[in-house]
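As structure tokens, the structure follows; a few thoughts come after it.
The values are calculated or read from the model by the stated rules, or taken from the named source; none is laboratory data. This structure is a prediction, so every number in the text was calculated from the model and none was measured. When we count neighbours, we look across all protein chains shown, and the Cβ atoms used for this are built from the backbone with ideal geometry, even at glycine.
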Ligand code: ATP
Ligand code: MG
């Protein structure tokens, strides 16, 4: 069997495959199961959030031939929840099953050097940057890349594998500290705000977009995403959606994808990076959109019609990090006050079932809904207070 011989759509009752056992895989399982599908998750971790809710958990490494074969034999279509899955594994699976997104797209996106060059090739602006393969490359970069950020080309997330560098000398030191791995050095830009667009593109080229979310990061980790349902057709949101479409079409992408953008102080829109999967900034769609980004991923994987991305209301998404389990004054571990969170009208709590809370670890999120943004923000302030999360409406 190969891709062309798999009859589409894949009906509910059949198996879908997920590579990766994190929270994105878990929420995919929930969405697939509520449509009547069964899900097999491939992940080596016995405690993984997705493995715990999957219909079948194949405990094997992402490049384990036996695990991959088991997954492919069970599932007609397979997707992924993280960009660091070996592109070779997707290639192998694609000889037996439908794989969405394809290995070609993931291979580009998982390498910042290829990703930046690719985005530029579609005509969408990126931050001024240089590819760094060795110390000599740092000697040659233009002075206007400083102050800058050195980012490891592969395997970074949540600001890990990144260092702010003010001078060429600091860049040399940072590169050495990263063990000399391939990097991009990009100019530190004056940001006015950050936004992201989650979209889905089907095999026939049809695409749908969710309203763009305004994102706030703390210490390189997403903290808050906000969607004002009344502002969905702002000019900058339309510009971002068009840029995301150009990128998706250039990749001949099939699946759910997110593009993170910077809005500069002079109003320019710059693409930061692509996630070949649902995204933390799209978690708001679970409660504030007709079809969530995870249901969307199920639909695209199964070859079903794309879902309705219309907004139901305004929403503030607050990420819940492991920090919330540590009392601010004493530093001692405590259980967060879930009762107080659930007492707030409009608050929808999602916890990922991770057994150990560590600082900086994503443990869950709350979508706080409101008929207007002001209403959502005022309820979000109460949730933030209950969890001791900083939030300024
Ligand atoms: P994640 O996987 O969580 O998205 P990441 O590790 O891939 O994070 P980036 O998205 O590259 O990292 O950067 C994280 C954050 O750091 C950005 O959202 C932004 O706030 C800030 N940042 C990154 N690059 C720049 C830049 N060139 N100029 C200014 N700020 C930046
Ligand atoms: Mg990012």
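Annotations
- Near pairs, Cβ below 6 angstrom, 6+ apart or cross-chain, from region 153-169 (closer than 17 Å to residue 85 by Cα) to any residue that is at pLDDT 95 or above: 153/111; 153/112; 153/113; 153/182; 153/183; 154/111
Here's the yes/no breakdown for (1) within 11 Å of ligand 1 (Cβ to nearest atom); (2) at pLDDT below 95:
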site: 108; (1), (2): no, no
site: 112; (1), (2): yes, no
site: 116; (1), (2): yes, no
site: 120; (1), (2): no, no
site: 124; (1), (2): no, no
site: 152; (1), (2): yes, no
site: 158; (1), (2): yes, yes
site: 161; (1), (2): yes, yes
site: 167; (1), (2): no, no
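- Screening residue 214 with (1) within 16 Å of ligand 2 (Cβ to nearest atom); (2) touching a helix residue (DSSP H, G or I) at 6+ places or on another chain (Cβ under 7 Å); (3) closer than 18 Å to residue 310 by Cα gives one miss only, at (2).
- Tally, over region 200-259, of residues that are over 16 Å from residue 270 (Cα atoms), part of a helix (DSSP H, G or I) and at pLDDT below 95: 3
- Considering only residues in region 190-215 that are within 10 Å of ligand 1 (Cβ to nearest atom) and buried (at least 18 other Cβ atoms within 10 Å of the Cβ), the one that is nearest to residue 248 (Cα to Cα) turns out to be 196.
- Failed criterion for residue 195 (all others in (1) within 16 Å of ligand 2 (Cβ to nearest atom); (2) more than 30 Å from residue 358 (Cβ to Cβ); (3) touching a helix residue (DSSP H, G or I) at 6+ places or on another chain (Cβ under 7 Å) hold): (2)
- If you go through region 97-116 and keep only what is closer than 19 Å to residue 245 by Cβ and surrounded by fewer than 18 Cβ atoms within 10 Å (Cβ to Cβ), you end up with just 104.
- Counting only strands (runs of 3 or more DSSP E) wholly contained in region 1-96, the ones carrying 1 or more residues that are under 18 Å from residue 257 (Cα atoms) occupy 15-19, 77-80.
- Single condition residue 99 does not satisfy, out of (1) more than 16 Å from the chain's Cα centre (by Cα); (2) farther than 12 Å from residue 255 by Cβ: (2)
- Residue 171 touching a helix residue (DSSP H, G or I) at 6+ places or on another chain (Cβ under 9 Å) and under 24 Å from residue 362 (Cα atoms): no
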